[in-house]
Amino acid sequence: MFVEAEKSAGLVGGRLCLDFANTVHNYGSDPVRDDLANYSDLVSWSRLAGILNPVEGRLLSRAGLRRPAEAVVALQTAKDLRQAIFQIFSAIAGAKTPAQEDLAVVNAALSEALGHSRLVPKAERFVWSWDGEATPLHQMLWPIAKSTADLLTSDKLSRVRQCQGENCTWLFLDTSKNHTRRWCELKVCGNRVKARRHYERKRSRQVLEG
């Protein structure tokens, strides 16, 4: 069953691609906490993130049950893309150059996504939509791939940050006025850091006072 994140609804990244990368809570730990344990979780998260509407979610959930082998492949494809997205933006947040193999994974996903994208009229403008006749179980990855490309080519790219909270590796877009945001969510990771520092200062005073 999909595990909702402790931090609000888990959607604190500021961009769809960053929220998707954040479905792992502690990259590098053993074991990691992964919100996408199975295909049903992937569909549930996609609904939470607004990629799928309830009808689309139900259709994909039923399709996943009818085609379990394809569902396993779709989930692994999603996790491969997620890992590449995390590696890319984690590198950028650390002022490093992303690995070519990670960019290759994103480019492959983007190429497929663009092949299914459509411009459709909406009110007095046009918006991007997706090929409604295609029914691959990994179709929720198309908008994620496009979101990744949009951020990588955006003037906001330099504002991608990685949370400095203890055991938190979440990514987020720093939209603070002075661009000094340090935590994915202040009331969780920020408060934990402040509480730990307060404890350490208190312990130091106790030691000095004998």
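The values are calculated or read from the model by the stated rules, or taken from the named source; none is laboratory data. Just so you know, these numbers come straight off a predicted model, no measurement behind them. We place every Cβ from the backbone using ideal geometry, glycine too, and count neighbours over all the protein chains shown.
Here LEU36 meets the list (1) closer than 21 Å to ALA109 by Cα; (2) in contact (Cβ under 8 Å) with a residue 40 or more places away in the chain; (3) of a type outside the set (Asp, Glu); (4) out of contact with any Lys or Arg (no Cβ under 9 Å at 6 or more places or on another chain) almost entirely, failing just condition (4). Residues in the range 169-189 that are in contact with a Leu (Cβ under 6 Å, 6 or more places away or on another chain) and part of a helix (DSSP H, G or I): 0 in all. In the range 1-106, counting only helices (runs of 4 or more DSSP H) that sit wholly within it, the ones holding 2 or more residues that are closer than 30 Å to ARG182 by Cβ span 16-21, 39-48, 68-93. Please work out if GLU166 is at pLDDT below 95, acidic (Asp, Glu) and in a helix (DSSP H, G or I). No; evaluated as a whole, the condition is false for this residue. Touching a helix residue (DSSP H, G or I) at 6+ places or on another chain (Cβ under 6 Å), over 17 Å from PHE172 (Cα atoms) and surrounded by fewer than 18 Cβ atoms within 10 Å (Cβ to Cβ) - does that describe any residue in the range 114-128? Yes; the residues of the range 114-128 include at least one that is touching a helix residue (DSSP H, G or I) at 6+ places or on another chain (Cβ under 6 Å), over 17 Å from PHE172 (Cα atoms) and surrounded by fewer than 18 Cβ atoms within 10 Å (Cβ to Cβ).
Among the conditions (1) within 23 Å of ASP150 (Cα to Cα); (2) touching a helix residue (DSSP H, G or I) at 6+ places or on another chain (Cβ under 8 Å); (3) at pLDDT below 95; (4) buried (at least 17 other Cβ atoms within 10 Å of the Cβ), the only one that ASN53 does not satisfy is (4). When each of LEU59, LEU11, LEU65, LEU42 is tested for being surrounded by fewer than 21 Cβ atoms within 10 Å (Cβ to Cβ), in contact with a helix residue (DSSP H, G or I) (Cβ under 6 Å, 6 or more places away or on another chain) and aliphatic (A, V, I, L, M), the lone residue that passes is LEU11.
Does at least one position in the range 133-149 carry a residue that is farther than 19 Å from LEU52 by Cβ, hydrophobic (A, V, I, L, M, F, W, C) and not in a strand (DSSP E or B)? Yes, there is a match, as at least one residue in the range 133-149 is farther than 19 Å from LEU52 by Cβ, hydrophobic (A, V, I, L, M, F, W, C) and not in a strand (DSSP E or B). Just wondering, is there one or more residues in the range 70-84 that are exposed (fewer than 13 other Cβ atoms within 10 Å of the Cβ) and without any contact (Cβ under 8 Å) to a residue 40 or more places away in the chain? Yes, that holds for at least one residue.
Scanning the range 85-114 for residues that are in contact with a Phe, Trp or Tyr (Cβ under 9 Å, 6 or more places away or on another chain) and acidic (Asp, Glu) returns ASP102, GLU112.
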